[in-house]
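S.K.: There's a structure below that I have some questions on.
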Amino acid sequence: MDTQNKDNIKFICDFMLGKLAKYLRMCGYDTKFIKNISDEKLLTLALKENRILLTRDNALLLRKLIKDKSLIAILVKEDNIKKQLLQLKNQLNLSIDINLSRCINCNGILKEIKKEEIKSLVPEYVYNTQEKFLFCPRCKKVYWNGTHIKKMRDFFKEINN
């Protein structure tokens with residue numbers, strides 16, 4: 001498995017790993033998270049879409065699809081998000097760094113959008129002080145390079161040191 005190319009690796013997180021899904025999306029990984037889904041549907045979707053299943057549920061790892069290696073599944077051992085990301089970084093040799101190519105809310109692919117097109121979608125101050133905007137066509141969320149981006153960069157820098 002080529003884990004260095006983010007286009008070649010996809011995840012699906014169980015209901016206990018919604019925060020991890022968001023952080024993997026921040027890194028540019030295609031990561032599905034469906035809050036209310038049965039174990040059977042979760043496994044079926046992971047297999048159908050060739051996704052690595054991330055779970056905190058030991059019992060899920062005992063399922064036939066996982067035991068016979070039809071499906072790759074990883075037991076996420078920690079509660080702490082930094083430790084979870086470190087586990088995946090070490091176990092899968094993942095690149096864990098900020099890469100704003102996916103919507104952290106819905107996993108959609110972000111597109112650059114002209115400033116004029118988002119005037120009604122962002123606060124006036126943001127519109128007046130920012131030049132570059134990203135837009136999620138799926139959920140209509142707008143992203144820009146605010147102070148939260150610096151915090152995100154600092155967060156990932158800690159993991160990579």
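S.K.: Quick check on region 28-46. Is at least one of its residues crowded, with 20+ Cβ neighbours inside 10 Å, modelled with pLDDT of 95 or more and assigned to a loop (DSSP other than H, G, I, E, B)?
M.R.: Yes - at least one qualifying residue is present in region 28-46.
S.K.: Return yes when CYS136 is crowded, with 16+ Cβ neighbours inside 10 Å, outside the structural domain of CYS13 (by TED's automatic domain parsing) and among the hydrophobic types (A, V, I, L, M, F, W, C) and no when it is not.
M.R.: Against the criterion (crowded, with 16+ Cβ neighbours inside 10 Å, outside the structural domain of CYS13 (by TED's automatic domain parsing) and among the hydrophobic types (A, V, I, L, M, F, W, C)), CYS136 qualifies.
S.K.: Of all residues in region 7-23 being hydrophobic (A, V, I, L, M, F, W, C) and in a helix (DSSP H, G or I), which is surrounded by the fewest Cβ atoms within 10 Å (Cβ to Cβ)?
M.R.: Applying the first criterion (hydrophobic (A, V, I, L, M, F, W, C)) to region 7-23 yields 9, 11-13, 15-17, 20-21.
Filter again for in a helix (DSSP H, G or I), leaving 20-21.
On the way: LEU20: 23, ALA21: 21.
Result: ALA21.
S.K.: So, one more: Please tell me if LEU71 is part of a helix (DSSP H, G or I) and farther than 19 Å from LEU100 by Cβ.
M.R.: So LEU71 does not fit the description; no.
S.K.: What are the residues in region 50-86 that are small (Gly, Ala, Ser) and in contact with a Ser or Thr (Cβ under 8 Å, 6 or more places away or on another chain), if any?
M.R.: The one that is small (Gly, Ala, Ser) and in contact with a Ser or Thr (Cβ under 8 Å, 6 or more places away or on another chain): ALA73.
S.K.: Quick check on region 55-85: of everything there that is without any contact (Cβ under 8 Å) to a residue 24 or more places away in the chain and acidic (Asp, Glu), which residue is surrounded by the fewest Cβ atoms within 10 Å (Cβ to Cβ)?
M.R.: ASP68
S.K.: Just the residues that are assigned to a loop (DSSP other than H, G, I, E, B), free of Cβ contacts under 8 Å to residues at least 24 places away in the same chain and surrounded by 14 or more Cβ atoms within 10 Å (Cβ to Cβ), please, taken from region 90-127. Lay out the reasoning, then the answer.
M.R.: From region 90-127, those assigned to a loop (DSSP other than H, G, I, E, B) are 93-101, 103-108, 110, 114, 122-123; that's our starting set.
Among the residues that remain, those that are also free of Cβ contacts under 8 Å to residues at least 24 places away in the same chain are: 114, 122-123.
Passing the criteria: only VAL122.
S.K.: Within region 128-161, count every residue that is outside any helix (DSSP H, G or I) and free of Cβ contacts under 8 Å to residues at least 24 places away in the same chain.
M.R.: So the count comes out to 9.
The values are calculated or read from the model by the stated rules, or taken from the named source; none is laboratory data. If you're wondering where the values come from, they're calculated on a predicted model, not measured in any experiment. All Cβ positions, glycine included, derive from the backbone under ideal geometry; neighbour counts span all protein chains shown.
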